[in-house]
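Asks: The structure follows.
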Amino acid sequence: MILIITKKATEEELKKMAQDFDGYIKIVVDIERKVLAGGGKKHVDLEQLLLENGSRQENLWGGGLDLEYEEIDYNSMINIRPSQQNLSREIMSLEIRNKVDEIIHVLLLY
């Protein structure tokens, strides 16, 4: 199930987002608005939902969260952005990774 998270997620919300991949949540973070969309099977669906809800493309970055180990990854096709000097599926900018980390920790982990 895909959810937009704007404040600390509840246990029930985490379970709903993790049901598609049995404990792993696909995530797209808006680093400007400090919100995220999580769940579902494709980052592009999360990205589209955030765009429809007022986010701007250049602020959206994809990754995932393994709930069991609380490990964050930064891998998504939506991260390939030559116009923003990101030529990989991985988020290459340490500054952007740190912003993504902070938002995931605030909304999903702490």
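The values are calculated or read from the model by the stated rules, or taken from the named source; none is laboratory data. It should be emphasised that the depicted structure is a prediction, and the values quoted were computed from it without experimental measurement. Cβ placement follows ideal geometry from the backbone for every residue including glycine, while neighbour counts extend to all protein chains displayed.
Asks: Of all residues in the range 86-104, which are loosely packed, with under 15 Cβ neighbours inside 10 Å and closer than 21 Å to Ile5 by Cα?
Replies: Residues satisfying the conditions are Asn98, Glu102.
Asks: Has the range 51-61 got at least one residue that is in contact with a strand residue (DSSP E or B) (Cβ under 7 Å, 6 or more places away or on another chain) and of a type in the set (Lys, Arg)?
Replies: Checked the range 51-61: no residue is in contact with a strand residue (DSSP E or B) (Cβ under 7 Å, 6 or more places away or on another chain) and of a type in the set (Lys, Arg).
Asks: Can you name every residue in the range 52-85 that is more than 19 Å from Asp22 (Cβ to Cβ) and surrounded by fewer than 15 Cβ atoms within 10 Å (Cβ to Cβ)?
Replies: Glu52, Asn53, Gly54, Arg56, Gln57, Glu58, Met77, Ile80, Pro82, Ser83, Gln84, Gln85
Asks: Can you pull out every residue in the range 37-46 that is surrounded by 17 or more Cβ atoms within 10 Å (Cβ to Cβ), without any contact (Cβ under 8 Å) to a residue 40 or more places away in the chain and within 17 Å of Arg81 (Cβ to Cβ)?
Replies: His43
The rows are residues; the columns are (1) touching a strand residue (DSSP E or B) at 6+ places or on another chain (Cβ under 9 Å); (2) among the β-branched types (Val, Ile, Thr).
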residue	(1), (2)
Thr10	no, yes
Met17	yes, no
Ile25	yes, yes
Lys41	yes, no
Asp66	yes, no
Tyr69	no, no
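Asks: Given the criterion surrounded by 13 or more Cβ atoms within 10 Å (Cβ to Cβ), closer than 17 Å to Tyr110 by Cα, in contact with a Leu (Cβ under 9 Å, 6 or more places away or on another chain) and charged (D, E, K, R), identify the matching residue among Lys34, Lys7, Lys26, Lys16.
Replies: Lys34
Asks: Six or more apart or on different chains, Cβ under 8 Å: which pairs go from a residue in the range 7-29 that's without any contact (Cβ under 8 Å) to a residue 12 or more places away in the chain to one that's not in a loop (DSSP other than H, G, I, E, B)? Could you list them?
Replies: Glu13/Leu3; Glu13/Ile5
Asks: Next up: Give me the pairs: first residue in the range 47-65 and free of Cβ contacts under 8 Å to residues at least 12 places away in the same chain, second residue in a helix (DSSP H, G or I) and buried (at least 21 other Cβ atoms within 10 Å of the Cβ), beta-carbon distance under 6 Å, and six or more apart or on different chains, which are they?
Replies: none
Asks: Does Leu46 satisfy the condition of being of a type in the set (A, V, I, L, M), within 12 Å of the chain's Cα centre (by Cα) and at pLDDT 95 or above?
Replies: So Leu46 passes the test.
Asks: Collect the residues in the range 66-110 that are among the hydrophobic types (A, V, I, L, M, F, W, C), closer than 19 Å to Gly39 by Cα and either outside any loop (DSSP other than H, G, I, E, B) or more than 15 Å from the chain's Cα centre (by Cα) (or both), keeping them in residue-number order.
Replies: Selection gives Ile72, Met77, Ile78, Val100, Ile103, Ile104, Val106, Leu107, Leu108, Leu109.
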